[in-house]
1. Filter the range 146-165 for residues that are at pLDDT below 95 and part of a helix (DSSP H, G or I); which is surrounded by the fewest Cβ atoms within 10 Å (Cβ to Cβ)?
2. Take Glu88 and tell me if it is more than 28 Å from Arg140 (Cα to Cα), touching a residue at least 12 places away in the same chain (Cβ under 8 Å) and charged (D, E, K, R).
3. Can you run down the residue pairs with Cβ atoms below 9 Å, 6 or more apart or on separate chains, where the first is in the range 146-166 and farther than 11 Å from Ile188 by Cα and the partner is assigned to a strand (DSSP E or B)?
4. Can you tell me which residue in the range 69-104 is farthest from the chain's Cα centre (by Cα), limited to those that are under 30 Å from His175 (Cα atoms) and among the basic types (Lys, Arg)?
5. List the residue pairs whose Cβ atoms are under 8 Å apart, where the first residue sits in the range 9-38 and is over 14 Å from Phe69 (Cβ atoms) and outside the structural domain of Arg193 (by TED's automatic domain parsing), the second is outside any loop (DSSP other than H, G, I, E, B) and polar (S, T, N, Q), and the two are 6 or more positions apart or on different chains.
6. Got at least one residue in the range 119-132 being assigned to a strand (DSSP E or B), assigned by TED's automatic domain parsing to the domain that holds Arg186 and among the charged types (D, E, K, R)?
7. So which residues in the range 108-127 are small (Gly, Ala, Ser), touching a residue at least 40 places away in the same chain (Cβ under 8 Å) and surrounded by fewer than 20 Cβ atoms within 10 Å (Cβ to Cβ), if there are any at all?
8. Counting only residues that are among the hydrophobic types (A, V, I, L, M, F, W, C) and touching a Gly at 6+ places or on another chain (Cβ under 7 Å), how many does the range 129-153 have?
Amino acid sequence: MAIREKSEAMRERRCIVTGEVRDEAHLIRFAVSPDGEIVPDVAAKLPGRGIWVTADRAVLERAIAKNFFAKAAKANVKVSPALADLVEKQIVQRMLGDLGLAKRSGALILGFDNVTRALQESGPSPVLIEAADGSADGKRKLYAVAHARGIRPAVVDGLSAAEMSLALGKENVIHAALKAGALAERLIFEAGRLSGFRSGKTDAGSTPAHEGIA
């Protein structure tokens, strides 16, 4: 499942640290607040000239340490040492909000048995959503069901069970699936960016958003 087709919403930007030109799926936008503070703009909606950094904790921390934001803004700016954590928090909030929307719209499938049935049905492959700290055995069984059908669903596994449970108002949410559509695409988009900030911080054991399963 492709993250998104190239469109006006996926324009290319240059990272102020690496100098690479990449589409917005791999970058985070920052803006300068009225009081001269660098603030994360994960939704890319704040007014003013945007400053773009690769969606990777190490790259962002380099931008902070080497004063790249001041160079890009051509002004003295204030940068919080916790900026990477703020970015991670914003991305997680957006993902949890989308999960809540998916549940209310009826597009979200919860529970191991229900997800198994969804994978066995004909029709578009759903996006698998697996808690990063969930059982590896359960994940393997679902992956086996998908392989048996000859499908390679996109997998999002960067959120913890506690985060998923809180967003969905249920206890111990480990396995879920999301029907194909705009919400699924948006969740994959954000999960891809979250992976740059949570790599090594969870026991997910795989990339938090990827196309298909090995």
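The values are calculated or read from the model by the stated rules, or taken from the named source; none is laboratory data. Nothing here was measured: the structure is a model prediction, and the numbers come from that model. As a convention, Cβ positions derive from the backbone with ideal geometry for all residues, glycine included, and neighbour counts pool all protein chains shown.
1. Ala148
2. No: the conditions fail for Glu88.
3. These pairs meet every condition: Ala146/Leu128; Pro153/Val127; Pro153/Leu128; Pro153/Ala177; Leu159/Ile129; Leu159/Glu130; Met164/Ile129; Met164/Ala176.
4. Arg104
5. Thr18/Thr54; Glu20/Thr54; Arg22/Thr54; His26/Thr54; Leu27/Thr54
6. Yes, the range 119-132 has at least one match.
7. Within the range 108-127, just Gly111 meets the criteria.
8. Start the filter on the range 129-153 by keeping residues that are among the hydrophobic types (A, V, I, L, M, F, W, C), which leaves 129, 131-132, 136, 142, 144-146, 148, 151.
Keeping just the survivors that are touching a Gly at 6+ places or on another chain (Cβ under 7 Å) gives 132, 136.
Residues flagged as among the hydrophobic types (A, V, I, L, M, F, W, C) and touching a Gly at 6+ places or on another chain (Cβ under 7 Å) within the range 129-153 amount to 2.
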